[in-house]
Structures are given as structure tokens and as C-alpha cells.
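The values are calculated or read from the model by the stated rules, or taken from the named source; none is laboratory data. In this text the structure is predicted, and so the values were computed from the model without any measurement. Note: ideal-geometry Cβ built from the backbone for every residue, glycine included; neighbour counts use all protein chains shown.
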């Protein structure tokens, strides 16, 4: 296994860099790669479990798996595949993405990587990609940082900085659109003038073999092709953004300080002057409070970090109605219907997240799906779902 000194974790992975250089000079904005002995990833990387694709698929806790392929007319396609048919899809050329939530060694790895980067454990998780020979995942960019560990087979990566969008809010696949796991409407961002299906001319090609590691910053274009059956571990890193931290600071003040909750009057000419003066005072106070804030303190602003998971055996089904609402039906392990109700579109987004959730999640993970000011409502809904035994806490 990895040594217990978390500070040396990245030095083990990127052992072609002097100590500390990866964090100082590369993370989180510059890509880097290293080739080396598979054993340096830890005992889990040499396990025979990675050699049996059928067992990997069957061991997944997901009912549906994300797959990457091409549509009949040749366009990139990202789709949900029932677990029961996933192996057959793989054998026809589909690359599958599997959750690793049940693998304790990988959970420890993610926790240690979070420590090494100064992040909360909930901001680092991992997925396994199993690819048959051929195109694996078409050109796209992610809205997270990715650390890739090649476990089996050979996979060619093409990577390039994204000159159109820096630090994107959502993943994007040219020719397909936004990531289907993100229910936020209109989330796809333009990636410069007319992003094509081809990689930029300045792309770098990296041949990943067992023991290779690569860091792909958030927003970088990349495309993969497996030269043989391939298994790789993608460690997904989601650090707190400047905007998220600032939003958390403001929301904490809204919840705890009366001057931030004071109603805004729109009656009379004096109302505008009063509003401007009040905003100036609040913003000046916020500026003063943040002037000496450390990065560690800034990360500590993350609010209500209790994490949840959907209870085992619980299914959540949504059916769209003509009026824009949705019917939500939740059935527990015993077959009992615990919720059967109609909800408006904005509430359906929360149920859709719970229905598809593969990993544990927190209120902070849900906030980007909704407009500002919805924190209290989301927290209330999570409490209701916990009371109805739809979700359960897994710690903070």
C-alpha cells in the first residue's frame, strides 16, 4: 500500500519530479505524466481482479453504467447502459465507467490524496474505466481535475489546453453536448468558436501503459483510444472554487447575521440610495474579513458537509408530465411505495440526482443545480428524504 506519509503520495506517483514540484508548479493548472513500475501504485493495482472485465462489471453497485460509444450516424454518444447488458455492450466496443465506492483500498487512496492536496475527503473520488480495443472516449473536457492511473493494457491519450473556456462549470462533449449526469438545463458552455470533433493541432499524445500516471487539469481537452483491452483508474478531484468559497461565506452571513437578512425596500427614491449604502457597507465588511483569510480557512467555509447516500434497494423513478411537473415514485427494498407525488421541475432535479447518485453526496454537491438562495430548501428536502428512509447519512 501507499506509505502513510501523505506528503510523499504525489512524489510516489510522479516520481520523475523533485519533491514538492508537482504541487508547486503543476497542480491544478498544468498537465503532467510519469511512467514507472505498477507496484508503486500499491498492492491493489496488482490485484487479479482487474483482469476480469465481467467480474468488474458485476461487482459494481450501480444499476446503470455510463458508456461511451458512437451513434448510428457516427456522432459521439454518452449513454446509460443497464448493468445486466453492460458486458454485451462492452464486447461491441463500448467503454464503461464503473464506480469504485465499494473498494476500500481505493477509498483510502482518495482520502490520502485529498490530504496531500489539502482537500476534504469528499472532494476526491475515483471511477474505473474499462475499454475494449478501439476508440475509448471521444474528445471532451471535464469540469474536474483528473489523475489517471493505468492499471492494465495500453491506452493512447491526446491532451491539449482549452483556449476557449478556462475552469468550465460543466463537462462538454463536442457533437453530443453536456454530461448526461448533470441535470442542470443549458449547462453546456461554448468552448471557443465552433469546437470541432477533432483535437487541437497542438495536442500532445501520451501512451499510457501499466504503471503510467497522468494529471489532466479541469477543462483540458482530451481523447482516448485503447490499443488493447484497457483498465484505468480516474481519480476525480474537485477542489473548492473561489466562487463556491465566496458563496459559502455569504450564505453563512445570511444565516447568522440580521444585517444580511434585512429586506430591501423599493419604495421611493431614497430606497436606491439606502440599498447602495447598505451593500457598500456589507461588501466592505466582507472584504475586511477575507483580507487575512488563509486557504485552509477558506476551504473550511464549506457549509453543512454532512454526506448522504441512497439507501440500498431504494429506487427512485421520475415520469415527466405535460405541464412540466414530474411524478416521483420511491419504492424501498421490501417493495413498499414510500413516496408517490407530483413535484415541480425544480424539485424534480433533486430527485433525479438521488435517483442517479452512484457515490455519497452532500448539500454542497447539490447547490450548483439550483439558483442562489436555495440552500435552506435543499437542506429541508434532504431532511424529509432522510425521514422517509430514502437516503441515509454516511458521516461528514
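Of all residues in the stretch 23-43, those being surrounded by fewer than 19 Cβ atoms within 10 Å (Cβ to Cβ), in contact with a helix residue (DSSP H, G or I) (Cβ under 8 Å, 6 or more places away or on another chain) and part of a helix (DSSP H, G or I) number 5. Within the stretch 271-281, not a single residue is in contact with a helix residue (DSSP H, G or I) (Cβ under 7 Å, 6 or more places away or on another chain), surrounded by 10 or more Cβ atoms within 10 Å (Cβ to Cβ), at pLDDT 85 or above and not assigned by TED's automatic domain parsing to the domain that holds residue 117. Just wondering, is there one or more residues in the stretch 1-16 that are in contact with a strand residue (DSSP E or B) (Cβ under 6 Å, 6 or more places away or on another chain), surrounded by fewer than 20 Cβ atoms within 10 Å (Cβ to Cβ), at pLDDT 95 or above and part of a loop (DSSP other than H, G, I, E, B)? Looking through the stretch 1-16, none of the residues is in contact with a strand residue (DSSP E or B) (Cβ under 6 Å, 6 or more places away or on another chain), surrounded by fewer than 20 Cβ atoms within 10 Å (Cβ to Cβ), at pLDDT 95 or above and part of a loop (DSSP other than H, G, I, E, B). Screening residue 35 against (1) at pLDDT 95 or above; (2) on the phi > 0 side of the Ramachandran plot leaves a single unmet condition, (2).
Okay, residues lined up against (1) within 15 Å of the chain's Cα centre (by Cα); (2) without any contact (Cβ under 8 Å) to a residue 40 or more places away in the chain:
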site: 84; (1), (2): no, yes
site: 98; (1), (2): yes, no
site: 106; (1), (2): no, no
site: 113; (1), (2): no, no
site: 119; (1), (2): yes, no
site: 125; (1), (2): yes, no
site: 137; (1), (2): no, no
site: 151; (1), (2): no, no
site: 162; (1), (2): no, no
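For residue 322, the conditions (1) within 30 Å of residue 254 (Cα to Cα); (2) part of a loop (DSSP other than H, G, I, E, B); (3) at pLDDT 75 or above are fulfilled apart from (1).
Could you tell me whether any residue of the stretch 370-382 is within 18 Å of the chain's Cα centre (by Cα) and either modelled with pLDDT under 80 or outside any helix (DSSP H, G or I) (or both)? Scanning the stretch 370-382 turns up at least one residue that is within 18 Å of the chain's Cα centre (by Cα) and either modelled with pLDDT under 80 or outside any helix (DSSP H, G or I) (or both). Screening residue 128 against (1) assigned to a strand (DSSP E or B); (2) surrounded by 23 or more Cβ atoms within 10 Å (Cβ to Cβ) leaves a single unmet condition, (2).
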